[in-house]
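Beneath this line is the structure, given in structure tokens, with notes to follow.
The values are calculated or read from the model by the stated rules, or taken from the named source; none is laboratory data. These numbers were taken from a predicted model, which means no experiment stands behind them. Backbone-built Cβ (ideal geometry, glycine too); neighbour counts: all protein chains shown. We work out accessible area using only protein heavy atoms, side chains counted, and drop any ligands, DNA or RNA first. Shrake-Rupley method; radii C 1.70, N 1.55, O 1.52, S 1.80 Å.
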Amino acid sequence: MNADREDCDPHKEHTLSRRLAVASLCGALLAASSTGEAAPADLAETARFLAGKGVASDSKLAEHAQTQSYAEYAEQIVSGWKQFQQPNLEGMRTWWAGRAPAKYSTVFYPFGGPDIGNALAFFPDADSFLMFGLEAPGAIPDLQAMDEEAISSGLTELKASLSTILQVNYFFTKAMEKKLGKGSFNSITGLLLFFLAMNDCDVTGARRIAIDGGTLAQGTAADDSASGRTRSRVPGVEITFKRSGRKQQTIRYFMVNVADAVLAKSSPDFVPYLKSQGRFVTMIKAASYLMHKEGIQEPAHFEQIRSLILKQSDFLVQDDSGVPLRLFTRDAWKLQFHGKYEAPTPEFSKHLQKDLKVEMQRNSTGILPFSYGYAYKQGESNLMTAQRVQ
């Protein structure tokens, strides 16, 4: 989540839920089957292609992978990934070893958008990941139906939208919105495929889904285009994947605005669906301090999602933009503090938590060797972990 500003300083971007580029490439250029599903082999190849990893010599995309434009794209993407994102994720995994909960099945990543890479770094063995954002999931990419010009143009747009997370490990988007149009290549689904391939995951399936009446249903393209204030169905995408011979895992991403008033009017089935998913672990990163808002002076309230997190989570890891420290009762939670915290970045200064500052100064386990959240510079990030004890 980031702040809406006209420049692209990473501290000056704000969005309700990481407004990433979400559009199809127009008609046949970014198509999905009538059932909203795609063949596993094609999906795996598409994901690897988007990640700049090339494809097999007998692949339908082999010819496109041999072009000069693709070679340049792949070199730039791989170089950018290795410069910051890869070592940052490796630092997270190394530091996190021994700190994760012993058992977990479902990971809830509110306001996470398509950021599956960070979720996998913390919870690599989850059975499923529940994520949401304001952006439509978009069509399941069908690169095999595109010509060279369309693919080259699309890869350029994808590279532009990825530029910030490759540098600061979170999405900010005002600058990206200016680069988008009806022919935009990247959708939430496409970005999820990209991040999965970059994290050495083999995509095994993808389909449109929707929450309808509190249960999971088959999704349709029409779900994405309906008015967000009038629909009751919550559109989404489900992607399955495997890594290195391990079990199959599932991502479910939903397009939803979780502000209390909007949920009540347009997506009343979303919270009941989450409640039906049982216990989970929760991670929160760069969430725009949305769950800090309360009182008549704050225009949007997020009490429902905040309450659900506190009631349904057995374990939580977050930066200071998540659930305020004051809401964690010490008889119910074992808290640990990591990193450095003096104050939020300037645009969020009103959300200073004095109690968190005291805890960090007294009880922090030390500087974090990776970037997490808005305070992305080396040695500036903070984390709090909360283990339910009753």
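General remarks:
- Per-region count, the stretch 222-274, residues of a type in the set (S, T, N, Q), open to solvent by 70 Å² or more (accessible area, probe 1.4 Å) and at pLDDT 95 or above: 1
- Of everything listed in (1) modelled with pLDDT of 95 or more; (2) surrounded by fewer than 23 Cβ atoms within 10 Å (Cβ to Cβ); (3) within 30 Å of residue 219 (Cβ to Cβ), the single unmet condition for residue 90 is (3).
- Hey, residue 58 buried (at least 22 other Cβ atoms within 10 Å of the Cβ), more than 21 Å from residue 278 (Cβ to Cβ) and not basic (Lys, Arg) or not: no
- Candidate set: the stretch 318-370, residues that are of a type in the set (Gly, Ala, Ser) and more than 23 Å from the chain's Cα centre (by Cα); chosen: the one nearest to residue 282 (Cα to Cα): 332
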